[in-house]
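Participant: One structure, as structure tokens, below. Some questions next.
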Amino acid sequence: MSCICSINSISSFSALSSSPRKSIPKPPIVHCSLPGTVAEPKTASVAEPLLLNAVRGENVERPPVWLMRQAGRYMKSYQTICEKYPSFRERSENVDLVVEISLQPWNVFKPDGVILFSDILTPLSGMNIPFDIVKGKGPVIFNPLHTAADVDQVREFVPEESVPYVGKSLTILRKEVDNKAAVLGFVGAPFTLASYVVEGGSSKHFSKIKRLAFSEPKVLHTLLQKFATSMAKYIQYQAKNGAQAVQIFDSWATELSPVDFEEFSLPYLKQIVDTVRKTHPNLPLILYASGSGGLLERLALTGVDVVSLDWTVDMAEGRRRLGPNLAVQGNVDPGVLFGSKEFITNRINDVVRKAGKGKHILNLGHGIIVGTPEENVAHFFEVAKGIRY
Ligand code: CP3
């Protein structure tokens, strides 16, 4: 694919705190002349957020941009809230805090997507799987599931009863953001959720879930089925309450070899997509799995609208492998945000050029890393929002 991008103005971005911006120099404008790498654009509808228009293949002037984990520990304003409310569960289950934290990056950077502040594990307590997220340790499942009897105890999720704060928060976010950006919901994919509840938390070798998968597959399938039914309902609930697109995180699916992905992840992802399509045919679904270079074509088989690439895949190659009908998201290395402003600018332009015009949501290839300078995040958004195809 050949695409010629020219940068009209180069700016340096002054240091930025979490307070509102003062005077902002003009970001570089990138003009791209692109061959037909994606399906022909339709006419954009004005009232809809840019992110939705881009996913639908409408004629957009630039790629929409948001960042995975854009709300969180790299922001000083988030750390201030953490001092006052040290419990992650409280921060993510109290409507006022959820709304405030979700809006922190919105207020400062004006991304094109505002993601709900929550966690993929949030539904677990409503499924009778007690957990916590412990500072310095990460997710902890108090009674990891290993046997058929353990899996029997898992209740199907009823979002209205278990997480009413999620619906309320999404509704408020929709009002606050007012279609100037898309409000994004998210869920964990069945295999990734299963890996947490079987391993008891984060894992290096995933040996416990693999032992279950490869010695008692029926037990794992029963658990995966419960998560698939529950997460489909959860997406529908999020959409009903204001989410305009939903991202499915199958972060650990790539720990599976392709043949095992086809057995333990793909069918459940497909089932979720098919179920949601019946009630919300126009809700864009985004699928992310980290380290998914070996599985890209299989991710496309799930039927999602957008595949989110991590940074180990070249964007142009990813686009080619996924074909013109799917939208892509990504995929700047989160580590780039530790680089110089010029380096960040160049990498953004490289990804945008390789993704081609339309059907691209600019993002990182995984979540923002703790310690990322906020001024570099500000620079990322300034450059991204100054791009013109
Ligand atoms: O993108 C956003 O800004 C929305 C917020 C969000 C969080 N978690 C908040 C959070 C999202 C989208 C997630 C998803 C999530 N949670 C995933 C999928 C994405 C990925 O990284 O692949 C996974 C695997 C989890 C499970 C989880 N929760 C982990 C591994 C951790 C990190 C543990 C640690 O301490 O490093 C969490 C905790 C978590 N979730 C934090 C945040 C901001 C950090 C803890 C804190 O702020 O106190």
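The values are calculated or read from the model by the stated rules, or taken from the named source; none is laboratory data. In this text the structure is predicted, and so the values were computed from the model without any measurement. A quick note on method: Cβ atoms are made from the backbone with ideal geometry, for glycine too, and the neighbour counts reach across all protein chains shown. Quick note on the areas: whole protein, heavy atoms, side chains included, nothing else; ligands and nucleic acids left out. Shrake-Rupley method; radii C 1.70, N 1.55, O 1.52, S 1.80 Å.
Participant: Keeping every protein chain in place, order His221, His379 by accessible area at 1.4 Å, biggest value first, i.e. largest first.
Facilitator: His221, His379
Participant: Taking the chain as a Gaussian network, where each spring joins two C-alpha atoms under 10 Å apart, which residue of Val198, Val134, Val95 fluctuates the most?
Facilitator: Val134
Participant: Among residues other than Asn128 whose Cβ falls under 14 Å from its Cβ, what is the net charge (Lys/Arg +1, Asp/Glu -1)?
Facilitator: Residues close to Asn128 contribute a combined charge of -2.
Participant: Which order do His146, His360 take by accessible area at a 1.4 Å probe, largest first?
Facilitator: Values: His146 85, His360 0 Å².
Largest accessible area first, the list is His146, His360.
Participant: Moving on. Within the stretch 146-182, list the trypsin sites (Lys or Arg not before Pro) lying in a DSSP loop whose Cβ has at most 14 other Cβ atoms in a 10 Å radius.
Facilitator: Here the trypsin sites (Lys or Arg not before Pro) that fit, given the DSSP loop and packing criteria, are Arg155, Lys180.
Participant: Could you give me the ³J(HN,Hα) list for the stretch 177-182, computed from phi with Karplus coefficients 6.51, -1.76, 1.60 and θ = phi - 60°, whole Hz, x at Gly and Pro?
Facilitator: Calculated HN-Hα couplings, in order: 7, 6, 6, 6, 8, 8 Hz.
Participant: Taking 8 Å as the Cα distance limit and 6 or more residues as the minimum spacing, I'd like the relative contact order of the chain as a percentage.
Facilitator: Relative contact order, the chain: 23 percent.
Participant: Can I ask one more? Filter the trypsin sites (Lys or Arg not before Pro) in the stretch 201-308 to those in DSSP coil with at most 10 other Cβ atoms within 10 Å of their Cβ, and list the result.
Facilitator: Working: sites: Lys204, Lys208, Lys210, Arg211, Lys218, Lys226, Lys233, Lys240, Lys270, Arg277, Lys278, Arg298; in loops: Lys204.
Within the stretch 201-308, the qualifying trypsin sites (Lys or Arg not before Pro) (loop, at most 10 other Cβ atoms within 10 Å) are Lys204.
Participant: Loop-only check: which GluC sites (Glu not before Pro) in the stretch 105-195 are DSSP coil with at most 15 other Cβ within 10 angstrom?
Facilitator: On the way: sites: Glu156, Glu160, Glu161, Glu176; in loops: Glu156.
For GluC sites (Glu not before Pro) across the stretch 105-195 that sit outside H, G, I, E and B with at most 15 neighbouring Cβ atoms in 10 Å, the list reads Glu156.
Participant: Sticking with this structure for a sec: What fraction, in whole percent, of alpha-carbon pairs in the chain exceed 40 Å separation? Spell out each step's value before the answer.
Facilitator: Numbers: 8574 of 75466 pairs.
Result: 11 percent of Cα pairs exceed 40 Å.
Participant: Let me ask something else about it. Taking a ≥ b ≥ c as the square roots of the eigenvalues of the Cα gyration tensor of the stretch 255-296, is the shape rounded (a/c under 1.5), prolate (a/b larger than b/c) or oblate?
Facilitator: oblate
Participant: Follow-up question, since we're still on this one. Mind running the shape call on the stretch 50-147? Use the C-alpha gyration tensor, a ≥ b ≥ c as the square roots of the eigenvalues: rounded below 1.5 for a/c, prolate if a/b tops b/c, oblate otherwise.
Facilitator: Oblate, since a/c reaches 1.5 and b/c is not below a/b.
Participant: What number in nm² do you get for the stretch 173-259 if you take the convex hull of its Cα atoms and divide its surface by four?
Facilitator: 6.8
Participant: Suppose every K and R has +1 on its Cβ and every D and E has -1 on its Cβ; what is the size of the dipole of the chain about the Cα centre, in Debye to the nearest 20?
Facilitator: Working: 43 positive and 38 negative charges, 149 e Å.
That gives the chain a dipole magnitude of about 720 debye.
Participant: In terms of the Cα gyration tensor, with a ≥ b ≥ c the square roots of its eigenvalues, is the stretch 43-89 rounded because a/c is under 1.5, prolate because a/b exceeds b/c, or oblate?
Facilitator: Prolate, since a/c reaches 1.5 and a/b exceeds b/c.
Participant: Among bridges DSSP assigns within the chain, what percent are antiparallel (round to 5)?
Facilitator: DSSP beta bridges in the chain are roughly 25 percent antiparallel.
Participant: So how long is each side of the stretch 284-330 along the principal axes, counting just the alpha-carbon atoms, biggest first, in Å?
Facilitator: Over the stretch 284-330, Cα extents along the principal axes are 24, 20, 17 Å.
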